[in-house]
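Beneath this line is the structure, given in structure tokens, with notes to follow.
All of the numbers you see were taken from the coordinates with simple rules; none came from a lab. Quick caveat: nothing in here was measured; it's all calculated off a predicted structure. Note: ideal-geometry Cβ built from the backbone for every residue, glycine included; neighbour counts use all protein chains shown.
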Amino acid sequence: MPTVLALETSCDESAAAIVRDRQVLASAVASQVEEHARWGGVVPEIASRRHVEALPQLIAQVCRESGLSLAEVDAVAATVAPGLVGALLVASITGRTLARLHAKPFLGIHHLEGHLASVHLGEAMPPGSHLVLLVSGGHTELVRVEGPGDVRRLGRSHDDAAGEAFDKVARLLGLGYPGGPAIQEAARGGDPQRFRLPRGRVSRPEGGFHPYDFSFSGLKTAMLRLVRSLEAEGSTPLPVADLAASFEQAVVEVLVERSCRCALDQGLTTLVLVGGVAANQRLRTQLAERCRRDGLQWRVAPLAYCTDNAAMVGVAACERLATGCRSAIDLGVAARLPLAQADSLYSTPPPF
Ligand code: KG4
Ligand code: ZN
């Protein structure tokens, strides 16, 4: 079983891990959240600088904790797309340099393939095809997975990602960054039915709606109007708990409804939840409940591996290694790359 050093710096978490197959030998994450919170969102230049400072210490830490030296790992992996280019470069250059120095293979990993692999860090997955609801700060996708790299997107958001909607609405309610955990906390004890909010649908040009697609921009605008009208009525302080709970319920309901419908229509029996928003308790509870009713098996990534981390990147790398994948040492990074093109990271010449 191969042992991999994995690095992740695609956004605002610097992370390193040493993974053997599906077992995490050591995992360390340095979050920059506090620093970005002052600006209400991620500042790319600050993110890159902090990655440069944090990554060497994180690598030293995972080596210490696993009791392994870099000479003892079988390969080095780094997230290379999608993400902030300056941020991605830190893990990419560090990873390729270490691979070169220690004469190990290098694997560039697609960030979303890492999120998909995060579920393997929990309970064993039932064999066969499954549907994944991937919900993060940058993506909301329904992905049919047949095996490593064999994926087909069946649904997506046409505007904001679910996590982005949490972040923007949290800012509107004065709840700080990142918005997901802040809204979850503020919604505790709130009435999720108090405010009726839109469950955004995406029209098809030929009529009807895309059954598995999402739209959160209308919900965000409805929240803005609601807050403004409550303020105009003199409702101060704002009923933040009820507002947060009603918003959270609206997001969770559409995610649960459309994912289960998609799994059933596709004849799939297992639904998997991954990505930063998978940490949301209301979503975990309601999805589990609905799957039970619909007779679907369900799996969720362990809480610690929902938001960005390097262990998930390590597991994805182990799966790629097992199928003979290697990346060119001059592979670059890309801000965008559809998940369905992740195979191109192992082609020669490299795609970027
Ligand atoms: O996967 P992730 O760490 O980074 C990206 O790849 O984007 O996801 C970060 C997103 C943020 O938008 C954050 O607000 C959201 O995940 N998030 C949550 C929760 N924890 C993190 N959203 C809802 N509820 C949570 N508990
Ligand atoms: Zn992510």
Range of Cα positions in segment 238-352 per principal axis (Å), largest first:
54, 40, 23
Alpha-carbon Debye profile of segment 155-202, log10 I(q)/I(0) at 0.15 Å⁻¹:
-0.46
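If you put +1 on each Lys and Arg Cβ and -1 on each Asp and Glu Cβ, how big is the dipole of segment 1-146 around its Cα centre, in Debye rounded to 20?
Details: 10 positive and 15 negative charges, 66 e Å.
With Lys and Arg at +1 and Asp and Glu at -1, about 320 debye.
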The relative contact order of the chain, taking Cα pairs under 8 Å that sit 6 or more residues apart, comes to a percentage of 24 percent
Using DSSP, restrict attention to beta bridges with both residues in segment 128-300 and report what percent are antiparallel, rounded to the nearest 5.
60 percent
Whose amide H sits under 5 Å from the amide H of residue 75, counting only residues 5 or more places off or on another chain, with H placed in the peptide plane?
3, 5
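Report, in debye and to the nearest 20, how large the dipole of segment 128-300 comes out about its Cα centre when Lys and Arg carry +1 and Asp and Glu carry -1 on their Cβ.
Details: 23 positive and 20 negative charges, 40 e Å.
Around 200 debye, computed over segment 128-300.
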For segment 250-352, what's the relative contact order in percent, using C-alpha pairs closer than 8 Å and at least 6 residues apart?
22 percent
Taking H placed 1.01 Å from N in the peptide plane, check which residues at least 5 places from residue 214 or on another chain put their amide H under 5 Å from its amide H.
156, 157, 158
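For segment 115-191, which GluC sites (Glu not before Pro) are in a loop by DSSP, counting at most 14 other Cβ atoms within 10 Å?
Working: sites: 123, 141, 146, 164, 185; in loops: 123.
When the GluC sites (Glu not before Pro) of segment 115-191 are filtered for loop state and at most 14 Cβ neighbours within 10 Å, 123 remain.
For the chain, how big is the tail of P(r) above 24 Å, as a whole percent of Cα pairs?
That fraction is 56 percent.
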Among 115, 51, 36, whose mean-square fluctuation peaks in a Gaussian network model of the chain (Cα, cutoff 10 Å)?
36
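Based only on the alpha carbon positions, what is the Kirkwood hydrodynamic radius of segment 70-223, in angstrom? List each step's numbers first, then the result.
On the way: mean 1/r = 0.0539 Å⁻¹.
It is 18.6 Å.
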Explain nothing, just compute: Karplus ³J(HN,Hα) = 6.51 cos²θ - 1.76 cosθ + 1.60, θ = phi - 60°, for every residue of segment 330-340 in order, whole Hz, x for Gly and Pro.
9, 4, x, 10, 9, 5, 10, 6, x, 4, 5
In terms of the alpha carbon gyration tensor, root eigenvalues a ≥ b ≥ c, rounded if a/c is under 1.5 and otherwise prolate when a/b exceeds b/c or oblate, segment 6-74 is prolate
Mind checking the log10 I(q)/I(0) for segment 128-300 at q = 0.11, 0.12, 0.13 Å⁻¹? Debye, one equal scatterer per Cα, no solvent, two decimals.
-0.46, -0.54, -0.63
Find which of 264, 183, 252 sits farthest along the positive direction of the dipole of segment 128-300, computed with +1 on the beta-carbon of Lys and Arg, -1 on that of Asp and Glu, about the Cα centre.
264
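With contacts defined as alpha carbon pairs under 8 Å and 6 or more residues apart, what's the relative contact order of segment 128-300 in percent? Kindly include the intermediate steps, with their values, before the conclusion.
On the way: 316 pairs, mean separation 46.0, N = 173.
Here the relative contact order equals 27 percent.
How big is D, in µm² s⁻¹, for segment 259-309 by Stokes-Einstein at 37 °C and 0.692 mPa s if Rh is the Kirkwood radius over C-alpha pairs?
Details: Rh = 11.2 Å.
Taking Rh from Cα pairs, D becomes 292 µm²/s.
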What do you get for the angle between helix 281-294 and the principal long axis of the chain? Use alpha-carbon atoms, 0 to 90 degrees, nearest ten.
90 degrees
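Scan segment 14-118 for GluC sites (Glu not before Pro) in coil per DSSP, keeping those whose Cβ has at most 10 other Cβ atoms within 10 Å, and list them by number.
Working: sites: 34, 35, 45, 53, 65, 72, 113; in loops: none.
Sites meeting the loop and neighbour criteria: none at all.
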Put in order of increasing Cβ neighbours within 10 Å, starting from the fewest, 116, 5, 175, 230 give 230, 175, 116, 5
Would you mind counting up the charge near residue 299? Only other residues with Cβ under 12 Å from its Cβ, with Lys and Arg at +1 and Asp and Glu at -1.
0
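Quick one: length gained pulling residue 303 to residue 330 fully straight, 0.36 nm per residue minus the C-alpha distance?
6.3 nm
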Farthest towards the positive end of the dipole of segment 231-352, among 285, 347, 235 and with Cβ unit charges of +1 on Lys and Arg and -1 on Asp and Glu, lies the Cα of 347
Degrees separating the helix 217-232 axis from the principal Cα axis of the chain, which is the longest one:
50 degrees
Part-to-part distance (alpha-carbon centres) for segment 297-316 and segment 14-37, which is given in Å
11 Å
